[in-house]
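Chemist: Sharing a structure here in structure tokens format.
Read-outs throughout are calculated quantities, based only on the coordinates presented, and are distinct from any laboratory measurement. This is a predicted model, so every value here is computed, not measured. Neighbour counts are summed over all protein chains in view; Cβ atoms, including those assigned to glycine, are modelled from backbone coordinates with ideal geometry.
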């Protein structure tokens, strides 16, 4: 069943996505680097995850009943830190420490450093296997929480992802939701040139998953996709394939020559924030 | 083939199957000590679960699975998934005992053990069959460098048990230990040897099984069993052999090893069912190096060669590569 997301809800999510992008840009400015293109592209999904879908207690990141959000692509840490700031799990004053010595916010996500960072991702292709074990463990405990595994399209190259995909369907893990960020960029170029993975819906469906593919920068579509994934009745794992635009929300970054790591000059961080602020204040759609 | 060849009565040793016992014909054995110990432990520890990559029967985990079917998780022939999922289970408060063959854990799933399990110091206990040269199936199944591979992982405890008693006592010790553990599992009919000595397994402890004035053998795994046989054999030649069993390879019991090496002038032999590279021998040599300690006698090494080993029957291969009782005794006599 599809429902229309209310205008109020969309406005709240739009504000959350704006703040997540802004936090990410401010952290990027601190270090003069970071996977900012990915963070801007994934901000809308993270806004819907942390302001709509996930159950969590910002005062207790280890709350037993929380939904688990696994960041398999550890290099997206800057994006998740921004979401954790938005969620109130990380304090505002920590933002300035991003990537600094002894910071709790290292450049690549690590579980032992950061509250709300469930796993040490970054060795790509591991998150979904961990998610399978987490989902099995939760079910064995009778805990109804969901496990979300956030991963990048490049990780689809890794064989272990498909081991885990087989296993999740075999074990009928209806408490597992995989989120694949499809920006079609990986280290050596467009994914279609590095190792093609389409047709992706067919592949996941053939592996026994409930599949949705949505515009990952459309808040309304994202709300519906998360709702459908959670409400799906059949005992099977769910995947949401998210087509996203790297650099989304900052046109000069959206248009910059696409590659894995978008280069941003020192003066451009403030320009990007100014553009983002102006667009938000003018009410441009997310 | 001519007539005389086809009719000659030539004894033929068969290639040792993967599930063959390493026990000699006349040895006392215990059946599936790992499986039965884990089954018993599960009574006391509801957090213990079993997970495998399509090798429950060949790692004795089927004993646990039959007793606790709801606590057994079949992950399919997918070792990276197995280790990743075990990490996820551990994060939810369980203590997974995961099994596969040592070759697959060390060579195929290394990064998952390193990153998912060890980096977060998770309570995953990895029990792997066919360590070192315990199968005649050739390098695809012979984990001759597993210790070398795993010694590099910070915080990973490595246990190389000698016999059924060692395994039986190691299982609850592994569960009680905080952090990841790798066990070189002997499965099936496992020899029972150490009950003849005043010995109990403790993680991190090397124990002197017998004293001797001429030779000190420092050993782990099934080579401790061989070392005890060597000691008996050489006693007939009036050679007095001490055996120091060091089932925990990491963290090594440096204090006990250095004390024994320095206690009296003796030939010191480190013996292991592992390649010469990166195992117990190098660990002992490094302990001496880092402590600035000179052994009071010559220091020698009995180990498998740094090579891809042959397929064949285990007794033949143990003899060929110098880890049979007779070959070990010969080597030690030559060094005296």
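Chemist: Label points 7 Å out from Cα along the Cβ direction at residue A:11 and residue A:198: separation in nm?
Modeler: Computed distance between label sites residue A:11 and residue A:198 equals 3.9 nm.
Chemist: Here's another thing I want to ask about it. Using only Cα positions of the range B:271-336, each an equal point scatterer, no hydration layer, compute I(q)/I(0) via Debye at q = 0.18, 0.19, 0.22 Å⁻¹ and quote the log10 values to two decimals.
Modeler: These q points yield log10 I(q)/I(0) values of -0.75, -0.81, -0.98.
Chemist: Let me ask you something else. Counting DSSP beta bridges with both partners in the protein assembly as shown, what percentage is antiparallel, nearest 5?
Modeler: Antiparallel bridges: around 15 percent, rounded to the nearest 5.
Chemist: Ok, one more. So for the range A:143-184, considering every pair of alpha-carbon atoms, how many percent are separated by more than 12 Å?
Modeler: 64 percent
Chemist: What ranking do B:43-50, A:273-280, B:100-107, A:48-55 get when scored by the average of other Cβ atoms within 10 Å per residue, highest first?
Modeler: B:100-107, A:48-55, B:43-50, A:273-280
Chemist: Give the angle, between 0 and 90 degrees and rounded to the nearest 10, that separates the Cα long axis of helix A:127-141 from the longest principal axis of the Cα atoms of chain A.
Modeler: 50 degrees
Chemist: With a/c under 1.5 counting as rounded, go ahead and sort the range B:204-335 into rounded, prolate or oblate using the C-alpha gyration tensor (a ≥ b ≥ c being the square roots of the eigenvalues; past the cut-off, prolate if a/b is larger than b/c, else oblate).
Modeler: In terms of gyration-tensor shape, oblate.
Chemist: Relative contact order for chain B: what percent, with Cα pairs under 8 Å and sequence separation of 6 or more?
Modeler: Dividing the mean separation by the residue count of chain B yields 18 percent.
Chemist: Semi-axes of the equivalent ellipsoid for the range B:121-234, please: Cα gyration tensor eigenvalues, times 5, square-rooted, ordered largest first, whole Å.
Modeler: Equivalent ellipsoid of the range B:121-234: 24, 18, 14 Å, largest first.
Chemist: Given a Förster radius of 56 Å and the C-beta distance between residue A:63 and residue B:238 as r, what FRET efficiency does 1/(1 + (r/R0)^6) yield to the nearest 0.05?
Modeler: 0.20
Chemist: With angles folded into 0 to 90 degrees, how steeply does helix A:219-231 sit against the dominant principal axis of chain A? Use alpha carbons for both and round to 10.
Modeler: Its long axis makes an angle of about 20 degrees.
Chemist: Relative to the longest principal axis of the C-alpha atoms of chain A, give the angle of the C-alpha long axis of helix A:36-48, reported between 0 and 90° and rounded to the nearest 10°.
Modeler: It is inclined by approximately 60 degrees.
Chemist: For the range B:259-336 and the range A:1-51, what is the centre-to-centre distance using only Cα atoms, to the nearest Å?
Modeler: 61 Å
Chemist: Additional query: Relative contact order, percent, of the range B:29-191 when contacts are C-alpha pairs under 8 Å separated by at least 6 residues?
Modeler: 29 percent
Chemist: Once the Cα gyration tensor of the range A:1-79 is found, what semi-axes does its equivalent ellipsoid get, as square roots of 5 times the eigenvalues, in whole Å, sorted largest first?
Modeler: Largest first, the range A:1-79 gives 23, 18, 11 Å.
Chemist: Taking the Cα atoms of chain B, what is the range of coordinates along each of the three principal axes, in descending order and whole Å?
Modeler: 65, 57, 34
Chemist: Over chain B, with a Gaussian network built from C-alpha contacts below 10 Å, which listed residue (B:259, B:227, B:143) shows the highest mean-square fluctuation?
Modeler: Ranking B:259, B:227, B:143 by mean-square fluctuation puts B:259 first.
Chemist: Another question, then. For every helix of n ≥ 4 consecutive DSSP H residues, a contribution of -39,500 (n - 2.57) applies; sum these over chain A, divide by its total residues, and give [θ] at 222 nm rounded to the nearest 500 deg cm²/dmol. Mind showing how you got there, number by number?
Modeler: On the way: 10 runs with 118 residues, N = 286.
The helix-only estimate for chain A comes to -12500 deg cm²/dmol at 222 nm.
Chemist: Taking only DSSP H segments of four or more residues, each worth -39500 (n - 2.57), what value at 222 nm results for chain B once the sum is divided by all its residues, to the nearest 500 deg cm²/dmol?
Modeler: After summing the helix terms and dividing by the residues of chain B, the value is -9500 deg cm²/dmol.
Chemist: Something else about it: Project the alpha carbons of the range A:161-286 onto their principal axes and report the range along each, largest first, in whole Å.
Modeler: Result, largest extent first: 51, 34, 20 Å.
Chemist: Is the shape of the protein assembly as shown rounded, prolate or oblate, going by the alpha carbon gyration tensor and its root eigenvalues a ≥ b ≥ c, with a/c under 1.5 for rounded and a/b larger than b/c for prolate?
Modeler: It comes out prolate by the Cα gyration axes.
Chemist: Does a label point 7 Å from the Cα of residue B:262, set along Cα-to-beta-carbon, have any residues of the range B:277-293 with amide nitrogen under 14 Å, and which are they?
Modeler: Under 14 Å, as judged by backbone N against the label point of residue B:262, lie B:287-293 of the range B:277-293.
Chemist: Sticking with this structure for a sec: Using alpha carbon coordinates only, what is the Rg to Rh ratio of the range B:29-191, with Rh defined as the Kirkwood radius?
Modeler: We get a ratio of 0.92 for the range B:29-191.
Chemist: Moving on. Which whole-percent values make up P(r) of the range B:53-106 when all C-alpha to C-alpha distances are grouped in 10 Å steps starting at zero?
Modeler: With 10 Å bins starting at 0, P(r) equals 25, 57, 18.
Chemist: Enter the mean number of other protein chain beta carbons within 10 Å of the beta carbon of each residue in A:119-131, as an integer.
Modeler: Mean shielding count: 6.
Chemist: By its C-alpha gyration tensor, with a ≥ b ≥ c as the square roots of the eigenvalues, how is the range A:55-104 shaped: rounded for a/c under 1.5, else prolate for a/b larger than b/c, else oblate?
Modeler: Oblate.
Chemist: Let me ask something else about it. Using a Gaussian network model on chain B with a 10 Å cutoff between Cα atoms, which of B:200, B:301, B:274 fluctuates the most?
Modeler: So, out of B:200, B:301, B:274, the one fluctuating most is B:200.
Chemist: Can you tell me what the convex hull of the Cα atoms of chain A projects to on average, as an area in nm²? Let's see the in-between values first.
Modeler: Values: hull surface 56.5 nm².
If you wrap the Cα atoms of chain A in a convex hull and average its projections, you get 14.1 nm².
Chemist: Here's something else I'd like to know. Using the 2.2 N^0.38 Å rule of thumb for compact globular proteins, work out how the range A:98-163 stacks up: its C-alpha Rg over that value, please. Provide the component values of the computation, followed by the final result.
Modeler: Numbers: Rg = 13.8 Å, N = 66, 2.2 N^0.38 = 10.8 Å.
So the range A:98-163 has a normalised radius of gyration of 1.27.
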